[in-house]
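The values are calculated or read from the model by the stated rules, or taken from the named source; none is laboratory data. Model, not experiment: these values are computed from the prediction. Note that we place each Cβ from the backbone using ideal geometry, even for glycine, and neighbour counts take in every protein chain shown.
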2 protein chains.
Amino acid sequence: MTGTLYGVGLGPGDPELMTLKAARILRQARVVAWFSKGGKRSHAHTIAASQLNAKHEEMPLIYPVTTEYQVDAPEYEQAIGHFYEESCEKISTRLAAGEDVTVLCAGDPFFYGSFMHLYRRLADRFHCHVVPGVTAMSGGWTNAHAPIAWGDDILTVLPGTLDSGQLAGRLKATDAAVIMKLGRNFARVREAIIEAGMLERAIYIAYGTMKVEQILPLKEKLDTPAPYFSLIIIPGNGRRL
Amino acid sequence: MTGTLYGVGLGPGDPELMTLKAARILRQARVVAWFSKGGKRSHAHTIAASQLNAKHEEMPLIYPVTTEYQVDAPEYEQAIGHFYEESCEKISTRLAAGEDVTVLCAGDPFFYGSFMHLYRRLADRFHCHVVPGVTAMSGGWTNAHAPIAWGDDILTVLPGTLDSGQLAGRLKATDAAVIMKLGRNFARVREAIIEAGMLERAIYIAYGTMKVEQILPLKEKLDTPAPYFSLIIIPGNGRRL
């Protein structure tokens, strides 16, 4: 009997926004894995902390230092691919020994999640169970008091890594938008939003639903860059009934 | 002291996919409002049932019979607008009397939710508290074992009410897609997916995460139409690391 790999979505940040199912799985978890930068407790770990039992074992999966590479550089892809391979080795050793492994995932595991890179390597060899979560964008538009999509609105989710021209073009063609992965791309994303004539409607959200949440009209966010856990939303103007 | 209007996201269908916060608010709820077609218990009510206390009062908000109208017909807009006005009257009477009112919302309240039509009328007069939920699409792609967006993928959420040409064009221009509001639009949506060359990648999901969940490759879904609680996902092919 091999173990089960759990990928547990923990929601956007407020621990009370995890699902009943996520909480149940955390309470029962024995081996708990989480992605980490430089060995620090991850955001996902902070969300999960209140539900973890004291007897669990921690398995940090520490990203290699990759900030010196461009994301599309072959060196980056090689280093990060190697990291996921190694992580799967660690996890599969435990699964093969009949132990369950629970991977902590901020937001929703199958929505731009690092967990997907483990899942695609392990899903054909082991039983996997994934628990969806409230996304960061849902937490963000809720706390911004900004319903995102109405009636026949088209919603486009864009990574901030796209170039300005493509971002502006995509924004002009949609009713509502969410822009993720701001970080160092923030200034370029803001330019694209201005170019698309959407600055007045855009809302900047950092650390949505967390204690340090920051929400403000994009035009008032003057400093740069933005943290990794930030996004911009542009609510739709669809049919009001 | 006026009451608080709660808009509580209940997730995609499995009651265990509601958040801890939603469950807490339901346990404390006294006046519980829910949208209904023809007076029947709604999907949201079914999800919420296990958490509601026995002492609560039910406030069904029954949609006017509108199937004889086209959605864009002025008669429809008038009838449904009148319905939302009346619903707000009922709710605001209770709020003004100092009672809280909890509105049950399937999925996430601010993502194409009927609740938004109450919220926009009441938010400037009463204290409102909205709880985000796991969306139907997150529940769907999770149970379809289909990570939706990788790396720099663009995800487009499209209502099935768009015309075929526009749907096909939008699909060709995106990496990943979710198509909502199938119902009577199902045959037309399938045509657009074929036109866009995406039939092989498309997955049909009805009643995702519910006991009667049905998930199959779109090319195997031959009958028509589709139920209201169904959607199609087209997972992205973005960067695998």
| remark: Conditions (1) polar (S, T, N, Q); (2) away from chain B (no Cβ under 12 Å); (3) crowded, with 20+ Cβ neighbours inside 10 Å -> A:T19 fails only (2)
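Being under 17 Å from A:P109 (Cβ atoms) and part of a strand (DSSP E or B): is that true of A:G13 here? Let's see the steps before the verdict.
Numbers: under 17 Å from A:P109 (Cβ atoms): yes; part of a strand (DSSP E or B): no.
In short, no.
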| Pick from region A:152-166 the residues that are within 20 Å of the chain's Cα centre (by Cα) and of a type in the set (A, V, I, L, M): which of them is surrounded by the fewest Cβ atoms within 10 Å (Cβ to Cβ)? | A:L162
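Results for (1) of a type in the set (V, I, T); (2) surrounded by fewer than 14 Cβ atoms within 10 Å (Cβ to Cβ); (3) under 22 Å from A:V134 (Cβ atoms), shown as yes or no for each residue.
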| position | (1), (2), (3) |
| --- | --- |
| A:A192 | no, no, no |
| A:G197 | no, yes, no |
| A:E200 | no, yes, no |
| A:I205 | yes, no, yes |
| A:E213 | no, no, yes |
| A:L218 | no, no, no |
| A:D223 | no, yes, no |
| A:P227 | no, yes, yes |
| A:S230 | no, no, yes |
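Does A:D108 fit the bill of being facing chain B (nearest Cβ under 9 Å), charged (D, E, K, R) and surrounded by 20 or more Cβ atoms within 10 Å (Cβ to Cβ)?
Details: facing chain B (nearest Cβ under 9 Å): yes; charged (D, E, K, R): yes; surrounded by 20 or more Cβ atoms within 10 Å (Cβ to Cβ): yes.
Against the criterion (facing chain B (nearest Cβ under 9 Å), charged (D, E, K, R) and surrounded by 20 or more Cβ atoms within 10 Å (Cβ to Cβ)), A:D108 qualifies.
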| The listed residue being aliphatic (A, V, I, L, M), within 30 Å of A:T4 (Cα to Cα) and within 18 Å of the chain's Cα centre (by Cα), out of A:V131, A:V178, A:V212 | A:V131
| said: A:A149 - would you say it is farther than 22 Å from B:G107 by Cα and surrounded by 15 or more Cβ atoms within 10 Å (Cβ to Cβ)? | reply: no
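When you look at A:D175, is it in contact (Cβ under 8 Å) with a residue 40 or more places away in the chain, surrounded by fewer than 21 Cβ atoms within 10 Å (Cβ to Cβ) and touching a Ser or Thr at 6+ places or on another chain (Cβ under 8 Å), yes or no?
Numbers: in contact (Cβ under 8 Å) with a residue 40 or more places away in the chain: yes; surrounded by fewer than 21 Cβ atoms within 10 Å (Cβ to Cβ): yes; touching a Ser or Thr at 6+ places or on another chain (Cβ under 8 Å): no.
Considered against the rule, which asks whether it is in contact (Cβ under 8 Å) with a residue 40 or more places away in the chain, surrounded by fewer than 21 Cβ atoms within 10 Å (Cβ to Cβ) and touching a Ser or Thr at 6+ places or on another chain (Cβ under 8 Å), A:D175 comes out as no.
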| With A:T102, A:T93, A:T135 as the choices, which residue is away from chain B (no Cβ under 12 Å), of a type in the set (S, T, N, Q), touching a residue at least 60 places away in the same chain (Cβ under 8 Å) and farther than 23 Å from B:K172 by Cβ? | A:T102
| message | Looking at region A:81-88, can you tell me whether even one residue there is farther than 22 Å from B:M18 by Cα, within 11 Å of another protein chain (Cβ to nearest Cβ), in contact (Cβ under 8 Å) with a residue 24 or more places away in the chain and of a type in the set (D, E, K, R)? | response | yes
| query | Does region B:23-38 contain at least one residue that is farther than 24 Å from B:G98 by Cβ, in contact (Cβ under 8 Å) with a residue 60 or more places away in the chain and assigned to a loop (DSSP other than H, G, I, E, B)? | reply | no
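May I ask you to list the residues in region B:205-241 that are of a type in the set (A, V, I, L, M) and within 14 Å of another protein chain (Cβ to nearest Cβ)?
The answer is B:I205, B:M210, B:I215, B:L231, B:I233, B:I234, B:L241.
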| message | I'd like to know if region A:45-68 contains one or more residues that are under 22 Å from A:L231 (Cβ atoms) and surrounded by 22 or more Cβ atoms within 10 Å (Cβ to Cβ). | response | yes
| When you scan region A:81-105, how many residues do you find that are of a type in the set (A, V, I, L, M, F, W, C) and either part of a helix (DSSP H, G or I) or surrounded by fewer than 19 Cβ atoms within 10 Å (Cβ to Cβ) (or both)? | 6
| query | Can you name every residue in region B:138-169 that is in contact (Cβ under 8 Å) with a residue 60 or more places away in the chain and acidic (D, E)? | reply | B:D152, B:D153
| note | Taking region B:39-56 and keeping residues more than 20 Å from the chain's Cα centre (by Cα) and without any contact (Cβ under 8 Å) to a residue 12 or more places away in the chain leaves B:A54
| task | Output yes when any residue across region A:162-177 is at pLDDT below 95, more than 7 Å from chain B (Cβ to nearest Cβ) and closer than 30 Å to B:A123 by Cβ, and no when none is. | result | no
